[in-house]
Amino acid sequence: MINRNVVASIVGNIFFFVSALELIPAAVDYLSGSPEYRIFTSAAFFTSTIGGILFLSFRGYEDHLPSRKMIYLITTVAWMAMPLAAALPIYMAIPPASFADAVFEAASGLTTTGSTVLSGLDQMPMGILLWRAMLQWVGGVGIIVLGIWILPVLQVGGMALFQTESSDKSEKLYPRTVELIKSILIIYTFITVSCILTYYVMGMSLFDAICHALATVSTGGFSTHDQSIKYFHSSGIEWAVILFMFAGATPFVAYMRCLKGSLKPLFSDAQTRALAIFLVLTSLVIMIPLWKHPDLNFLSAFRSAIFSVISIVTTTGFVTIDYTTLGPAVATIFLILTVVGGSTGSTAGGIKVFRFAVLWQALLSVFHKMIYPNSVYTSRYNGRILTNDIVVSVLIFFCVFIFFLAFLAIALGFAGLYPLEALSAAATAIANVGPGMGDAIGPSGNFASISTSAKWLMSFGMIVGRLEFLTVLVLFIPRYWQDL
């Protein structure tokens, strides 16, 4: 019973937290003269009431230190409950939107996916635009904590490789956790403020700068305009977005090490180096068909190519060009890039760079054993030895990723999507990218036209993909619930 009480208490705190956040866009709408502030205040009242009932009914149970088994449940319930609470003002503010639309939008925001069912953004009240950006920023913080602290403890998908002294379970867990979250918030806020100032100097309005900064650093991709970054027609803004998308996809552990006074950890990190090299090389390939365009010079072609590549690989989803119109080869490359992802411990989604590196090391080990059967080969990554447990965990993750991708694509096919749309929609959901492939859900469209069942499936896929699959899927094993 105490475990259920802990979960109920945490859900109450989540609803309380969401209700407090809703007061910010309410204030913005009120100051801008928009009557929509009543929607946010009503939503805040309703959400805080539910949260207050749960919190007061189960107060004190959250102080109990949860077991590893309980962390799976708490993490999943928290990420399921928050989109439901955050969807309420979207549902109330946009009459044509169904509750499935609102949950889709909220889940997309909190998981920093960036897929949207909304159009007419240029005419929407400031409050709802800010709310979407805030959801992505808050979700980004949660994702960093998830990648640096929670998933290494749970040893999901090879994340044990990143376990630190802040990830252990001891009597000093709480102080270490508080210090970890404090450091993350300081760095995250500093990068965000720097991004806001840069965008503002480059020509964005203050409101656009704030909303786009929140969406960039979190690698979320929600914009205040239907045309996304293309709306501004500014090469300076595009280069700034490129810089901060990469900053958001850089492992925050490297930033934390830089707080000691040296920038060396940032440049010596294996993930950062591998990600940068991969992005540049891929951009050069994509640039070739763009360079053939008569209206684009070398620099413009390279900027458009690297913007699109970084946007997809870091799972941000901002758009300046419709890359699906550049030919079948380029479209195929971007479909593959959808699942690559950024660095572990960043706000980016996808498979993650380190897992490809571990897979490559495992392949080299197999080749070495084939050539020298009696030798000993030690695989390392970023200076750390890759144990068999980590390699097996990464391989299992790849298998689960492929299985769930196929499962979700087939389910979306039954929900009415055509094969390419179903596959790309499944990939963009579980990799938390944003735009898919096809006329309807591609970079120039959105997900408004898909069926209600497809929206629920994608909302579930976003959350499962963000929690790296096993954290959620273990709950479907009957043995999990024994002696919980």
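The values are calculated or read from the model by the stated rules, or taken from the named source; none is laboratory data. Keep in mind it's a predicted model, so treat the numbers as computed, not measured. So basically every Cβ, Gly included, is an ideal-geometry build from the backbone, and we count neighbours across all protein chains shown.
Numerical summary
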read-out: Residue list for the stretch 191-237, filter: over 18 Å from the mean Cα position of the chain (by Cα), part of a helix (DSSP H, G or I) and β-branched (Val, Ile, Thr); value: Val193, Ile196, Thr198, Val201, Ile210, Ile229, Ile237
read-out: Answer from Ser283, Ser300, Ser311 - the residue that is assigned to a helix (DSSP H, G or I), within 23 Å of Phe222 (Cβ to Cβ) and in contact (Cβ under 8 Å) with a residue 12 or more places away in the chain; value: Ser311
read-out: Among the candidates Leu135, Leu151, Leu110, residue that is in contact with a Ser or Thr (Cβ under 8 Å, 6 or more places away or on another chain) and closer than 18 Å to Gly349 by Cα; value: Leu151
read-out: Residues located in the stretch 283-333, provided they are within 24 Å of Met462 (Cα to Cα) and among the hydrophobic types (A, V, I, L, M, F, W, C); value: Phe307, Val309, Ile310, Ile312, Val313, Phe318, Val319, Ala331, Ile333
read-out: Subset of the stretch 321-332 (residues that are farther than 20 Å from Thr113 by Cβ and either over 23 Å from the mean Cα position of the chain (by Cα) or surrounded by 21 or more Cβ atoms within 10 Å (Cβ to Cβ) (or both)); value: Thr325, Leu326, Gly327, Pro328, Ala329, Val330
read-out: Whichever residue in the stretch 271-284 is touching a helix residue (DSSP H, G or I) at 6+ places or on another chain (Cβ under 7 Å) and of a type outside the set (Ser, Thr, Tyr) and, among such residues, is nearest to Ala331 (Cα to Cα); value: Leu279
read-out: Among (1) more than 21 Å from the chain's Cα centre (by Cα); (2) modelled with pLDDT of 95 or more; (3) of a type in the set (Val, Ile, Thr), the one test that Ile288 misses; value: (2)
read-out: Matching residues in the stretch 378-407 - criterion: being in contact (Cβ under 8 Å) with a residue 60 or more places away in the chain and either touching a Lys or Arg at 6+ places or on another chain (Cβ under 8 Å) or of a type in the set (Phe, Trp, Tyr) (or both); value: Tyr381, Leu386, Val394, Phe397, Phe401, Phe404
read-out: Residue pairs meeting the criteria (Cβ under 9 Å; at least 6 apart or on separate chains; first closer than 18 Å to Val145 by Cβ, in the stretch 252-271; second assigned to a loop (DSSP other than H, G, I, E, B) and modelled with pLDDT under 75); value: Val253/Thr164
read-out: Looking only at the stretch 238-265, and only at residues there that are part of a loop (DSSP other than H, G, I, E, B) and touching a Gly at 6+ places or on another chain (Cβ under 6 Å), the one that is modelled with the highest pLDDT; value: Ala249
read-out: Selection count, the stretch 160-195, where residues are at pLDDT below 70 and farther than 13 Å from Ile148 by Cα; value: 7
read-out: Where a residue in the stretch 355-377 is under 16 Å from Ala270 (Cβ atoms) and its partner, wherever it lies, is in a loop (DSSP other than H, G, I, E, B) and among the hydrophobic types (A, V, I, L, M, F, W, C), with Cβ under 8 Å and at least six apart; value: Phe356/Val340; Val358/Leu386; Gln361/Leu386; Ala362/Leu386
read-out: Criterion: hydrophobic (A, V, I, L, M, F, W, C), farther than 24 Å from Ala274 by Cβ and either in contact with a Ser or Thr (Cβ under 6 Å, 6 or more places away or on another chain) or surrounded by 18 or more Cβ atoms within 10 Å (Cβ to Cβ) (or both) - qualifying residue of Leu290, Leu335; value: Leu290
read-out: Criterion (out of contact with any Leu (no Cβ under 7 Å at 6 or more places or on another chain) and among the aromatic types (Phe, Trp, Tyr)) met by exactly one of Tyr37, Tyr72; value: Tyr37
read-out: Selected residue [surrounded by fewer than 24 Cβ atoms within 10 Å (Cβ to Cβ) and closer than 25 Å to Ile150 by Cβ] from Ile463, Ile430; value: Ile463
read-out: Helices (runs of 4 or more DSSP H) enclosed by the stretch 41-155 - at least 1 residues per element that are of a type in the set (S, T, N, Q) and modelled with pLDDT of 95 or more; value: 99-110, 126-145
